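Just so you know, all these numbers are worked out from the coordinates, no wet-lab data involved. Note that the structure is a prediction, hence the values are computed from the model and not measured. Cβ sites come from the backbone with ideal geometry, for glycine too, and all protein chains shown count toward neighbours.
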Amino acid sequence: MITHWVREIGEDPVEIWCLRTNTPTENYSDYCLFRLREKRNQLLAQSDWMAVADRTMTQAQIDYRQALRDLPATADPQLDENGNLTNVTWPTYE
């Protein structure tokens, strides 16, 4: 069962879902890290083509994917008044 709670952010309440437990929690930093990991995992999935077995990654690709994996330890995510992640420097790959 997924539970959720509402936290006031700005003027509007934002639903915050707790996926790990079956009881509501009010640990705001856990929720911010959950959102960060969710977006980080999407970016890793979008770059999976770089790491297929029949291809050699460039150093820039290796560094990009490692920086994504390191994000939970190197970021201090917050939510803005609209519930969007802030205070995160997302790695880029060109």
Return the sequence-ordered ³J(HN,Hα) values of the stretch 85-92 in whole Hz as given by the Karplus equation 6.51 cos²θ - 1.76 cosθ + 1.60 applied to θ = phi - 60°, using x for Gly and Pro. 5, 9, 6, 10, 9, 7, x, 10
Loop-resident sites, the stretch 43-94, for trypsin sites (Lys or Arg not before Pro), counting at most 13 other Cβ within 10 Å (DSSP): R55
By the scheme Lys and Arg +1, Asp and Glu -1, what is the net charge of all other residues having a beta-carbon under 14 Å from that of D48? +3
Placing +1 at every Lys and Arg Cβ and -1 at every Asp and Glu Cβ, with all other atoms neutral, what dipole size does the stretch 28-86 have around its Cα centre, in debye to the nearest 20? 200
What's the ranking of 82-93, 32-43 by average number of surrounding C-beta atoms within 10 Å, highest first? 32-43, 82-93
Which whole-number percent is the relative contact order of the stretch 28-86 (Cα, under 8 Å, 6+ apart)? 46
